[in-house]
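All remarks here apply to the structure that follows.
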Amino acid sequence: MKTERKIEILLKFVGSKITHNSNEAYSYNCDVDLAVEQESTADGYEVYTFKHPEDELCLSENVYYYESDLPELITEALTGGKCLLYIDEYQYEDFGIEEQLEESFVEYVEDIIKQEDINNNPMNCKHEYTRPILTKKELKELKEEYEYENEK
């Protein structure tokens, strides 16, 4: 399964989204929870901010000198659930967010498979049925790739 699809599955599972559209991040009725942006200091250094777009800037809490600090924080925010994150497409690639999310996918794959087993079987009355994230083929592929065995 391709990395992009794994990330899509993970984000749907935890209820989060990523946007690269700055207009969406800064619209009147801003739905974005967090934004990552690059800023320049007065003396020409590049720093990064990580905060809600409408929050005041707090140097000790929102400003990062090193981009290497951000991928883990971004991933934690996204996998924490129900987060819409704005990040520039170039920063997304440069920071290695895709790789970090793919690593997180491995941590969630067992829970995803369990949930999808339920979702792909609407006859299972013990659980609330929700629309599946995976196709049956993808579910089978994940079970094989991650050597998942159903608990009986």
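Given the structure, is GLU103 modelled with pLDDT under 95 and part of a helix (DSSP H, G or I)? Criteria not met by GLU103. Go over the candidates GLU72, GLU37, GLU56 one by one and state the one that is free of Cβ contacts under 8 Å to residues at least 60 places away in the same chain, farther than 30 Å from ILE112 by Cα and surrounded by 10 or more Cβ atoms within 10 Å (Cβ to Cβ). Sole residue among the options that is free of Cβ contacts under 8 Å to residues at least 60 places away in the same chain, farther than 30 Å from ILE112 by Cα and surrounded by 10 or more Cβ atoms within 10 Å (Cβ to Cβ): GLU37.
The values are calculated or read from the model by the stated rules, or taken from the named source; none is laboratory data. The structure presented is a predicted model; accordingly, all values stated were derived computationally and were not measured. Don't worry about glycine lacking a Cβ; one is built from the backbone with ideal geometry, like all the others, and counts go over all protein chains shown.
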